[in-house]
Amino acid sequence: RKHMTETIFVNTCAEWTTGSGPALTRPPTPPVPLPGDTDTNKRNSKQEEKEEKGEGEEKEPMTEEDKKKEEEKKKEQKRREEEKKEKEDRKPLLTPRSELLMNKRGLGRPAFVECLIRLCILKYMKSQSKYVKPHAAFEGLITNHMLPHVKREVSLFQDSNKYRQDRMYTDEVDKVFKHESNMQFLEVIYKKYKVNKPRLSLSHWLSFLKDTMCLSIEVTGLQKKDAILCYHVSRMAYSNPQAVSSHGLSLTDFLEAICRVADAVSAPTPEELQHFFRWSDTGKISTRQYYDYVVNLLHSKQIERRRIVGRTSAQFITINTRPLQHKLRPILELIVESMKELNQIETSEQLAACPMKHYS
């Protein structure tokens, strides 16, 4: 068998070399279309389009599950495109330096001052040659356009230390805070309302005023804008506005904000409250007259007729006429008694142990 295989191989090679055997042929190659051959080019382009569209192949009919999957894929792709577009829109058009001056909610204090400086340069140095140097133009902007229209609220920020020294930092105010368990209640309330944050935020401050019934235009006369102003004026100023410690009220700031609320509310005097309760049982003296007065008015249908006429100093921007300790005492009484009734407790330890409830 081996000899026969070698003989056949030798004979086949001899036939190929002499040319007597079968010729080896290659598969025919398609003709290359010339640039001017438009018919061939059109034919090839149509064939390519059919192949891309898949017209030449027979497709299997899609089931309902396949249709659902296809729709989900389209929705997912559309969602990703929208997210990508949102990310591109959110890209800040600011320099790195300007980003440091920006706050999450808008302009920070340094950026605001920079805007004023740029404004005074445009107004007085480029459009007019009234001032030569930027500091003179800035002073002119404040003198000519800001101070004539500024309200007393803005001056409160300038006189914040004066208010603390003249009205807050006194022995009488300190005694009111330390009277009975007022300070213990305030410390627990502060910890409860600041939640897990390092300081008390503005929203939690407003929630605290609502829960203690202090924020009521009909009864106490305290408006929301005045409550917000009390919050911002009581905050300590920090050189770095982006620091976490500058966001919110510390415990000391919280006590100062309560003092400012007491000045803004200007509660009635004890004589006025006794006159209000003249219809009550004789000989029965209430230890929480202002709290009972506020609750009585809130549940009354004739608030305007029964409410005690507000004092002249019962606004935030008016000049104070009474010492702070006389105004602070009824406000602390209202805060403590409101917390007791709202949470059904009697002591600050019970308030610290129970979950905080909110006034609806």
Report task. Kindly list, by first and then second residue, each pair from a residue in the range 281-299 that is within 14 Å of residue 221 (Cα to Cα) to a residue that is modelled with pLDDT under 80 and open to solvent by 40 Å² or more (accessible area, probe 1.4 Å), limited to pairs with Cβ atoms under 7 Å and residues at least 6 apart or on different chains. Result -> 297/306; 297/307
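Tell me, which helices (runs of 4 or more DSSP H) lie completely within the range 241-360 with 2 or more residues that are on the phi < 0 side of the Ramachandran plot and either hydroxyl-bearing (Ser, Thr, Tyr) or at pLDDT below 85 (or both)?
By residue number, 270-276, 289-298, 303-306.
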Query raised in the report: Looking at 179, 204, 135, which one is open to solvent by 20 Å² or more (accessible area, probe 1.4 Å) and touching a Lys or Arg at 6+ places or on another chain (Cβ under 7 Å)?
Result: 204
Query raised in the report: So residue 155 fits all but one of (1) over 25 Å from residue 223 (Cβ atoms); (2) at pLDDT below 85; what number is the exception?
Result: (1)
Report task. Taking the options 193, 169, 163, name whichever one is modelled with pLDDT of 90 or more, under 20 Å from residue 322 (Cα atoms) and of a type in the set (Ser, Thr, Tyr). Result -> 169
Query raised in the report: Does any residue in the range 185-206 that is over 14 Å from residue 358 (Cα atoms) and part of a helix (DSSP H, G or I) come within less than 9 Å, Cβ to Cβ, of a residue that is open to solvent by less than 50 Å² (accessible area, probe 1.4 Å) and among the basic types (Lys, Arg) six or more places away or on a different chain, and which pairs are these?
Result: 185/340
Report task. May I ask you to list the residues in the range 212-226 that are assigned to a helix (DSSP H, G or I) and either at pLDDT 90 or above or surrounded by fewer than 17 Cβ atoms within 10 Å (Cβ to Cβ) (or both)? Result -> 224, 225
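The values are calculated or read from the model by the stated rules, or taken from the named source; none is laboratory data. Please read these numbers as outputs of a predicted model, since none were measured by experiment. FYI the Cβ positions are ideal-geometry reconstructions off the backbone, even for glycines, and counts take in every protein chain you see. Ligands, DNA and RNA are excluded from the accessible area calculation, which covers all protein heavy atoms including side chains. Shrake-Rupley method; radii C 1.70, N 1.55, O 1.52, S 1.80 Å.
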